[in-house]
1. Which of the residues belonging to region 279-294 are touching a residue at least 24 places away in the same chain (Cβ under 8 Å) and either open to solvent by 30 Å² or more (accessible area, probe 1.4 Å) or not in a loop (DSSP other than H, G, I, E, B) (or both)?
2. Out of all the residues in region 131-175, which are over 30 Å from Arg227 (Cβ atoms) and in a loop (DSSP other than H, G, I, E, B)?
3. Scan Val319, Val254 and give me the residue that is open to solvent by less than 50 Å² (accessible area, probe 1.4 Å), part of a helix (DSSP H, G or I) and on the phi < 0 side of the Ramachandran plot.
4. Where residues in region 140-167 are closer than 23 Å to Glu202 by Cα and among the small types (Gly, Ala, Ser), which of them is surrounded by the fewest Cβ atoms within 10 Å (Cβ to Cβ)?
5. Looking for something part of a loop (DSSP other than H, G, I, E, B), open to solvent by less than 30 Å² (accessible area, probe 1.4 Å) and not polar (S, T, N, Q) - is there at least one such residue anywhere in region 81-88?
6. For Glu219, indicate whether it is within 20 Å of the chain's Cα centre (by Cα), over 22 Å from Phe143 (Cα atoms) and in the same structural domain as Phe133 (by TED's automatic domain parsing).
7. Regarding region 226-237, can at least one residue be identified that is assigned to a helix (DSSP H, G or I), in contact with a Leu (Cβ under 8 Å, 6 or more places away or on another chain), of a type in the set (A, V, I, L, M) and more than 26 Å from Leu297 (Cβ to Cβ)?
8. Where the second residue is exposed (fewer than 15 other Cβ atoms within 10 Å of the Cβ) and small (Gly, Ala, Ser) and the first is closer than 29 Å to Phe32 by Cβ and lies in region 330-355, which pairs have Cβ atoms under 9 Å and are six or more apart or on separate chains?
Amino acid sequence: MEMNIALLPGDGIGPEVIEQAVKVVKAVGKKFGHTITFKEAVVGAAAIDATGNPYPDETHEVCLQADAVLFGAIGDPKYDNDPKAKVRPEQGLLAMRKKLGLFSNVRPTFTFPSLIHKSPLKKERIEGTDFVFLRELTGGIYFGEPRGRNEQGTKAFDTNVYTKEEITRLARMGFEFAQKRRKLLTCVDKANVLATSRLWRETVQELEPEYPDVKVEYEFVDAVAMRLIQWPKAYDVLITENLFGDILTDEASVISGSMGLMPSASLGSDVKLFEPIHGSYPQAAGKDIANPLATVLSAAMMFEYAFDLKDEAKAISDVVNLSLAEGVVTEDIAEESKPSKTSEVGDWLAEQILK
């Protein structure tokens, strides 16, 4: 198969972890006989420095022409520490999601047998955890208008807006995911308070008869925030709005023991983007110490979700599990073994793929 992949390394450790994922993707291409072409483009602080725009038109065109997008991370302290900055790296991320129509962020949470002791939760609570969040990405309070401050700067306001169409397309994806898994769908909302949440619940209820094989549960977001810690194995597929999903998926990520291990996908009607869930971690940039495994596992998701190549995805997942079992890992999760450099982990994974 021929594949055209856009690379958006971004900021901080983004370029380093993307480099390791590319090594692994090239090894998979060689092993399975695929022709893979990469094209790189700038985004985030790197794009602001180069063009003044955190998501330039040129980058957008590269993404549109690609079969899939591999994305590193966005963020730079010089913008984080300036609350009055007019242009921010994160604006590039929001613009990218909106312009590419990436309406669903797919965030799996699962445990690794060799690292389960590193989770802050008890082993008996989390062993066997396997659920996935579908977070709506292009609506809600992050995009709603009006927003801003009054003339005196003493009052600020944001607007949470959702249409039935936006909810329906994400909910249908959630039902379809549930049909392929354990047939349990949880709609996460705050319908006792918010009008938008009541529209979410109403819309999902209307879709229920079309998916009679899926059991649907409705839970308030605060209850889910507690149950993710108390009983994470209770969940299978969860769907929710943008803000709730942003918070809950970061909470869920620590269940595995390290945010550096969790991949994600952002899916639209035409474009599919894959990225690690961690941030740009600028303190580690350029030191060859960043954990590349979440980005590598995001490449595994790319083979499965963008190209429907499950064997290739499994080959990557298998070598990642092997690296964890054999201690070929970076300093954030190394214990008795000597920590490996970011680049060494990438080289080792690629070599194992080709064995």
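1. Gly279, Tyr281, Pro282, Ala284, Ala285, Gly286, Asp288, Ile289, Leu293, Ala294
2. Glu145, Pro146, Arg147, Asn150, Glu151, Gln152, Gly153, Thr154, Lys155
3. So the residue among Val319, Val254 that is open to solvent by less than 50 Å² (accessible area, probe 1.4 Å), part of a helix (DSSP H, G or I) and on the phi < 0 side of the Ramachandran plot is Val319.
4. Gly144
5. Scanning region 81-88 turns up at least one residue that is part of a loop (DSSP other than H, G, I, E, B), open to solvent by less than 30 Å² (accessible area, probe 1.4 Å) and not polar (S, T, N, Q).
6. For Glu219, the condition - within 20 Å of the chain's Cα centre (by Cα), over 22 Å from Phe143 (Cα atoms) and in the same structural domain as Phe133 (by TED's automatic domain parsing) - is not met.
7. Looking through region 226-237, none of the residues is assigned to a helix (DSSP H, G or I), in contact with a Leu (Cβ under 8 Å, 6 or more places away or on another chain), of a type in the set (A, V, I, L, M) and more than 26 Å from Leu297 (Cβ to Cβ).
8. Ser340/Ala334
The values are calculated or read from the model by the stated rules, or taken from the named source; none is laboratory data. Computed from a prediction, not measured in an experiment: that's the story for all the values here. Using ideal geometry, Cβ is built from the backbone for each residue, glycine included, and neighbour counts are taken over all protein chains shown. Note: areas computed on protein heavy atoms with side chains; ligands, DNA, RNA excluded. Shrake-Rupley method; radii C 1.70, N 1.55, O 1.52, S 1.80 Å.
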